[in-house]
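J.: Please see the structure below; I have some questions.
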Amino acid sequence: MSTSVDAQPYIAPAPSEDSLAGITSAPTSALLGRASTISVPERATSSRRQWLALCLAAHATATFDAWTTRRALEAGNRESNPTLRPFAGSPAIYGAIQVSPLILDWVGHRMQRSQFGVVRKFWWLPQSVSAGGSLSAGVYNRSITR
């Protein structure tokens, strides 16, 4: 049983001018000095600014919590958070207390880009809870040191 194979390579027909009318490539337009038409939607820019504002709030309130914790410890109180207790007597508490807001910043960032609409709707929640918790802990620390 013998089969013959045509040794001619398949050559696709050239596209017509009409089929290429609206197609431009980004590298070609960049090389020719044309302005790029790709822009970041206003909603994405606004969402990024809100995320950065929540990052700032979460880290600022965590720093406030660390500062008030140090003052409370100097007044003779004790750190009640077992994960921060090893750092409580030293300035290392300022760095250690930033771990939780950093992780929650990442979680909020991932939630913003989730494929699930419900998750995207609540991207701000982890950072807000972090900021609220640190603020309430700092206020409590201030109240016991006065």
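The values are calculated or read from the model by the stated rules, or taken from the named source; none is laboratory data. Since we're looking at a predicted model, the values are computed, not measured. A quick note on method: Cβ atoms are made from the backbone with ideal geometry, for glycine too, and the neighbour counts reach across all protein chains shown.
J.: Among Ser128, Ser114, Ser134, Ser143, which is the only one that is among the hydroxyl-bearing types (Ser, Thr, Tyr), assigned to a helix (DSSP H, G or I) and free of Cβ contacts under 8 Å to residues at least 40 places away in the same chain?
T.: Answer to the selection: Ser143.
J.: Give the number of residues within the range 73-89 that are outside any loop (DSSP other than H, G, I, E, B) and among the polar types (S, T, N, Q).
T.: Count: 0.
J.: So, Val119, is that one in a helix (DSSP H, G or I) and either among the hydroxyl-bearing types (Ser, Thr, Tyr) or free of Cβ contacts under 8 Å to residues at least 12 places away in the same chain (or both) or not?
T.: Here the answer is yes, as Val119 does meet what is asked.
J.: Could you figure out which of (1) more than 15 Å from Ala58 (Cα to Cα); (2) part of a helix (DSSP H, G or I); (3) not aromatic (Phe, Trp, Tyr) isn't true of Gly108?
T.: Of the numbered conditions (1) more than 15 Å from Ala58 (Cα to Cα); (2) part of a helix (DSSP H, G or I); (3) not aromatic (Phe, Trp, Tyr), the odd one out for Gly108 is (1).
J.: A further question on this structure: Since Gly132 meets every condition but one in (1) touching a helix residue (DSSP H, G or I) at 6+ places or on another chain (Cβ under 6 Å); (2) small (Gly, Ala, Ser); (3) surrounded by 12 or more Cβ atoms within 10 Å (Cβ to Cβ), which condition does it not meet?
T.: All conditions pass for Gly132, except number (1).
J.: Filter the range 105-129 down to residues that are among the small types (Gly, Ala, Ser) and surrounded by fewer than 14 Cβ atoms within 10 Å (Cβ to Cβ), then give me how many there are.
T.: Total meeting the criteria: 2.
J.: Sticking with this one: Within the range 89-98, does at least one residue satisfy the condition of being more than 13 Å from the chain's Cα centre (by Cα), hydrophobic (A, V, I, L, M, F, W, C) and at pLDDT below 95?
T.: no
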